[in-house]
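Please treat every number below as a calculation from the coordinates, not as lab data. Computed from a predicted structure; not experimentally measured. Counting neighbours? That spans all protein chains shown, and the Cβs are built from the backbone with ideal geometry, glycine included.
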Amino acid sequence: MPTRQMLLSINDVTKVFTIGGGFHRARLKAVDQASFALEKGKPEIFTLAGESGCGKTTLAKIVLGLLEPTEGVVLYNGTSVQELAQGDQRSRFNKEVQAVFQNPFETFNPLRPVDTYLLETARNYVTNGTNGAAKDAVAEALHLVGISYEGVERKYPHEFSGGQLQRISIARALITGPSLIIADEPVSMVDASLKMSVCNLFKVLKEEHKVSVIYITHDLATAYYVSDRIAIMFRGNIVELGPVNAVLVDPKHPYTQILKDSVPEPDPDNKWAGRIKLSSFEERDFLRKGCKFAGRCPQVKDICEQQDPPMINLGDVMVRCHLYA
Ligand SMILES: Nc1ncnc2c1ncn2[C@@H]1O[C@H](COP(=O)(O)OP(=O)(O)OP(=O)(O)O)[C@@H](O)[C@H]1O
Ligand SMILES: [Mg+2]
């Protein structure tokens, strides 16, 4: 695939952390040979899903240029984000690629009215300092998330609910007119009743404003509802990737099959059950030989213990599993 037609292209990205000290020192592959790409001019909602510790946030930070990959490269419009994040193109990259985080109360300074924060973003990125134009840009972004400028004027973060404040932090991200928003668990702290409205907002951004979204979640129900494509991560690897219907309705990887069974219906109130916390012993197992899921796989074969499974192309869907070799 020619990279110049890609908005974002993540090529064989691996991130190794050294954990512990002395005798217990170990190398942990938080992200292991992850690859996917978002096409330019074809906005979509791409979900990265997986249980706690599988490497979602680490991959997001690499895409944002906040962390350096140990191996591999991330290209934004054909240029390495590492280069973009450091060079004089930093400001343009920051404008085009925006992040929305899990806790909106951490996005805003608690001691500052939120409108001053939004106005500052507008002055820095859009309007070269003019107050009237900055206010217009803020009002327009707030309008997109269904909030009036008067609704935020002189108000502090604690005067909003988590859901409202998350909408405002999405508005903040929209002020710069981004092509890509990376939203890391954006609804996990939002009331169940407001989750869908935030998810719907991502759909509107994609459909009406041509913004691509990388939606990071451990919640398969909202993922099913909102995504075009989904990548399932397990201990650093993307183990299955494809259109959300194919992956969640007819999963190919034994891990995705088990996950799917833990969410019987795509019901927004039904959270992904069975989150598994890795023990420190298992963390060292991140570097085990062969397939990382072999120890839990109901369909395990000898080869799974010996060899890393390759990513296999099944047409629409890619799956990292020896069963399909
Ligand atoms: N700076 C770091 N140093 C060492 N280990 C790290 C560091 N950051 C993350 N890790 C480890 O890398 C693995 C992946 O972490 P990451 O935060 O990317 O997972 P996640 O999928 O975002 O999890 P969650 O759903 O809990 O947010 C975890 O085992 C984590 O402990
Ligand atoms: Mg995370």
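Could you state the angle between the C-alpha long axis of helix 114-125 and the longest principal axis of the C-alpha atoms of the chain, as a value from 0 to 90 degrees rounded to the nearest 10?
80 degrees
Once you've got the Cα coordinates, tell me which of Lys40/Lys252; Lys155/Lys260; Lys61/Lys292 are over 32 Å apart. Kindly include the intermediate steps, with their values, before the conclusion.
On the way: Lys40/Lys252 28 Å; Lys155/Lys260 42 Å; Lys61/Lys292 23 Å.
Pairs exceeding 32 Å: Lys155/Lys260.
Helix 131-144 versus the longest principal axis of the chain: what angle, 0 to 90°, nearest 10, using Cα atoms?
The helix 131-144 is inclined about 50 degrees to the chain.
With both bridge residues required to lie in the chain, what share of the DSSP beta bridges run antiparallel, to the nearest 5%? It would help to have the intermediate numbers written out before the result.
Details: 28 of 46 bridges.
So the antiparallel bridges in the chain amount to around 60 percent.
From the helices alone, meaning DSSP H stretches of at least four residues, give me the mean residue ellipticity at 222 nm for the chain, per-run term -39500 (n - 2.57), in deg cm²/dmol to the nearest 500. Can you show the working numbers first?
Details: 14 runs with 118 residues, N = 325.
Helices in the chain give a 222 nm mean residue ellipticity of -10000 deg cm²/dmol.
Amide H of Val187 versus every other amide H placed in the peptide plane: which residues, excluding those fewer than 5 positions away on the same chain, fall under 5 Å?
none
By how many degrees, 0 to 90 and rounded to 10, does the Cα axis of helix 162-175 deviate from the longest principal axis of the chain?
Between the helix axis and the principal axis of the chain, the angle is about 80 degrees.
Can you sort Asp308, Asp32, Asp302 so the residue with the fewest Cβ neighbours within 10 Å comes first? Walk me through the numbers on the way to the answer.
Working: Asp308 15, Asp32 26, Asp302 10.
In increasing order of surrounding Cβ atoms, one gets Asp302, Asp308, Asp32.
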